[in-house]
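Step one of this worksheet: look at the structure below.
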Amino acid sequence: MGRESLRYLLDSVIVIDHLNGIDAATDFLLCHSDLCALSVITRAEVLAGCADEQEATVTSLLSHFPTLPLTVDIGDLAARLRRSDRLKLPDAFQAAVAITHKLSLVTRNTRDFRPGGDLSVLIPYEL
């Protein structure tokens, strides 16, 4: 499936919830996995938080999703978002990747990510 069919950028919390056995996260991934991508930020955050003995399993899961790279344009947009919206830098990069690729950011982080402006946000569940 090509990148043109992608609709969602998964935030780290969704993947981490799945790995922690949160059924709502697993259900979302099962229903929408062919429409989802990751940023290199999500990949790094998820791998940084996994135990050494889980790394191969987690890497295999992450490899099921296209991983979108960071570019100069994404970096410049992330800097503008950090300044204007006062986002933490990893969150600004997530938003910039989603905006650049015209994807909805799938998260449950409602404190840092709010719908509006150029960023489309999908909150598939709450805990």
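Just so you know, all these numbers are worked out from the coordinates, no wet-lab data involved. Note that this is a predicted model, so its numbers are computed, not measured. Note: ideal-geometry Cβ built from the backbone for every residue, glycine included; neighbour counts use all protein chains shown.
Is the stretch 90-103 home to any residue that is touching a Pro at 6+ places or on another chain (Cβ under 8 Å), within 22 Å of R7 (Cβ to Cβ) and of a type outside the set (V, I, T)?
No: zero hits.
Somewhere in the stretch 69-86, is a residue polar (S, T, N, Q) and under 19 Å from L122 (Cα atoms)?
no
Can you pull out the residues in the stretch 39-68 that are under 19 Å from Y8 (Cβ atoms) and among the charged types (D, E, K, R)?
R43, E45
In the stretch 114-127, which residues are small (G, A, S) and loosely packed, with under 15 Cβ neighbours inside 10 Å?
Selection gives G116, G117.
Yes/no matrix, rows are residues, columns are (1) under 16 Å from the mean Cα position of the chain (by Cα); (2) among the hydrophobic types (A, V, I, L, M, F, W, C); (3) closer than 17 Å to V106 by Cα:
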| site | (1), (2), (3) |
| --- | --- |
| H18 | yes, no, yes |
| I22 | no, yes, yes |
| H32 | yes, no, yes |
| C36 | yes, yes, yes |
| I41 | yes, yes, yes |
| A48 | yes, yes, no |
| V58 | yes, yes, no |
| L62 | yes, yes, yes |
| L68 | yes, yes, yes |
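Within the stretch 114-124, how many residues turn out to be under 14 Å from D91 (Cβ atoms) and not in a loop (DSSP other than H, G, I, E, B)?
2
Need the failing condition index for E55 against (1) without any contact (Cβ under 8 Å) to a residue 12 or more places away in the chain; (2) closer than 18 Å to P90 by Cβ, just the number.
(2)
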